[in-house]
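The values are calculated or read from the model by the stated rules, or taken from the named source; none is laboratory data. No experiment lies behind these values; they were computed from the predicted model shown. Using ideal geometry, Cβ is built from the backbone for each residue, glycine included, and neighbour counts are taken over all protein chains shown.
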Amino acid sequence: MVGFVILAILAMAGAVGVIVARQPVHSALFLIGNIIALAVLYLTLSAEFLAAAQVIVYAGAIMVLFLFVVTLLTAGKDEREAAETLPGQRLIAGGASGLVGLALVVLAILNPGPAISLGLPKNFGTLRGMGAALWGPDFVYLVAVAIMLLTAAIGVLVLNRPERRAVRGARKASARQTRSREGQA
């Protein structure tokens, strides 16, 4: 029980570190720590498949993809350029996050799923148990997580778009200047 509490505290510290860290790369490192702590928690619950999937899929593939995207989005920017490009975006994002959280709470209340017991279910942590949980009565939660991830991906694209317009506008202005110089010559 002591080990479980220590792992839970490490997982919570990693989650808080993801939110509090100022640099995206530091957030990613905290997230990797959180993922590893969760994998070890799964091992303590005899869910070897979940632990392996957690490390391979999330700490491996997803985090490499995340770091790749962070590197692409922040390449060539200093801290002055990384300031808010859309006024009030933090307020809007906070409000939208609160609404999504409220929707998930309402969804959990309306769809409570199986009752929690002191013992673990027979197929807990196995491939058969995971399939039954994901495609059974908890399918609505899987869809909710998929919608949240899709919303986050669209948000990144929308927030990155004004820079493209600015670059395109600068290129057009440069082309106009070049044409006007050629016309004067």
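Scanning segment 17-28 for residues being free of Cβ contacts under 8 Å to residues at least 24 places away in the same chain and out of contact with any Phe, Trp or Tyr (no Cβ under 8 Å at 6 or more places or on another chain) gives a total of 6. No other residue among Leu50, Leu67 is closer than 30 Å to Gly131 by Cβ and at pLDDT below 85 apart from Leu50. The single residue among Leu31, Leu50 that is part of a helix (DSSP H, G or I), crowded, with 18+ Cβ neighbours inside 10 Å and free of Cβ contacts under 8 Å to residues at least 60 places away in the same chain turns out to be Leu31.
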